[in-house]
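The values are calculated or read from the model by the stated rules, or taken from the named source; none is laboratory data. The shown structure was predicted, so the numbers you read here are calculated from the model rather than taken from an experiment. Using ideal geometry, Cβ is built from the backbone for each residue, glycine included, and neighbour counts are taken over all protein chains shown.
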Amino acid sequence: MSADGFSESWLHAYLDGELTAADRRAVEAWLEAHPDIKARIRAYRRINDALHRSYGALLDAPLPDRMEETLARLEAPSPHRRLARLAASIALVLAIGVAGYGLGVLTAHHLPADLLPGVGPQKPARPMLVDRALGAYRVYVSEVRHPVEVDARQEAHLVKWLTKRIGEPVRAPDFRSHGFRLVGGRLLPDNGRPAALFMYEDGTGRRLTVYLRRRVDEPNTAFQYVSYEGLSAFYWIDAPLAFALTAELPRQRLLRIAKTMYEQLE
């Protein structure tokens, strides 16, 4: 185990059931304190399960007829023939491994998952910015009495305070044209850096949040969309800040709100 936590080899050993009971408990306790890594482990497990469902039967399947015919035509002595059959079996297993690697490459490059036979849609890994924005949404939108640190009645103070802590000019977008009023905001940690969260609410009690922090060695990006467990988020980077807009709203409606936010911040 490294000073920062468990190495990738430990995590994969945990996934493959190769750890002792004590080590497994230690990894699980550590994952509970690191929800972003825990989410990545869940994604790995889903990929493993999909690969086993799609290709697991091949491990015990007979060799294809064409491969059997090729082996039958070999005139090598018996020991060599056995080695050839073993090599063919290994080649088949390697093909399965390559298929798994290909799955990782395809999902990493955001290619359509329905091109992969027998494998359901796999979501590409979410940026850490989005994971933290989704996490903040889930934690604070359910709060009734204390959803924010500073409420909208002190908006000027809130904006001045967050601007000072973030280190860049910060504004609370105005979403009243979309039916959402500002509730307030709070300061949050983002991997040791300050981040800001603004919360909004409509007449039905539905809420949305704006999560922002300073850009950290990241290029500017256009709007990008993520849907996860009922939540929708648009995120983008526009130096010197990175933004994520999150709500339980249809994609097109949230996109209209994101465009309003972008225009106001420009």
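Among the conditions (1) surrounded by 20 or more Cβ atoms within 10 Å (Cβ to Cβ); (2) at pLDDT below 95; (3) among the hydroxyl-bearing types (S, T, Y), Y200 misses just one, which is (2). Comparison of L255, L187, L265, L249 shows that the only residue that is out of contact with any Phe, Trp or Tyr (no Cβ under 7 Å at 6 or more places or on another chain) and more than 21 Å from S142 (Cα to Cα) is L265. If I filter the stretch 105-121 for residues that are modelled with pLDDT of 95 or more, within 29 Å of I37 (Cβ to Cβ) and assigned to a helix (DSSP H, G or I), do I get at least one hit? Within the stretch 105-121, not a single residue is modelled with pLDDT of 95 or more, within 29 Å of I37 (Cβ to Cβ) and assigned to a helix (DSSP H, G or I). The C-beta contact set for the stretch 29-57 (first residue closer than 17 Å to S9 by Cα, second residue modelled with pLDDT of 85 or more and not aliphatic (A, V, I, L, M), distance under 6 angstrom, 6+ apart or interchain) comprises L31/K38. Here L158 meets each of (1) hydrophobic (A, V, I, L, M, F, W, C); (2) under 22 Å from R213 (Cα atoms); (3) modelled with pLDDT under 95 with one exception, condition (3). If the condition is being over 27 Å from the mean Cα position of the chain (by Cα) and touching a residue at least 12 places away in the same chain (Cβ under 8 Å), then the stretch 143-152 contributes E149, V150, D151, A152.
Those helices (runs of 4 or more DSSP H) of the stretch 1-73 in which 1 or more residues are at pLDDT 65 or above, in contact with an Asp or Glu (Cβ under 6 Å, 6 or more places away or on another chain) and not aliphatic (A, V, I, L, M) occupy 35-55. The residue pairs whose first member lies in the stretch 182-202 and is within 16 Å of L245 (Cβ to Cβ) and not assigned by TED's automatic domain parsing to the domain that holds V144, whose second member is at pLDDT below 95 and part of a strand (DSSP E or B), and whose beta carbons are closer than 8 Å, counting only pairs six or more residues apart or on different chains, do not exist in this structure. Looking at the stretch 149-203 only, could you name the residues that are of a type in the set (D, E), touching a Pro at 6+ places or on another chain (Cβ under 9 Å) and within 18 Å of L129 (Cα to Cα)? E168, the sole residue that qualifies.
Given the structure, is E266 of a type outside the set (G, A, S), exposed (fewer than 12 other Cβ atoms within 10 Å of the Cβ) and modelled with pLDDT under 95? Judged against the criteria, E266 is a match.
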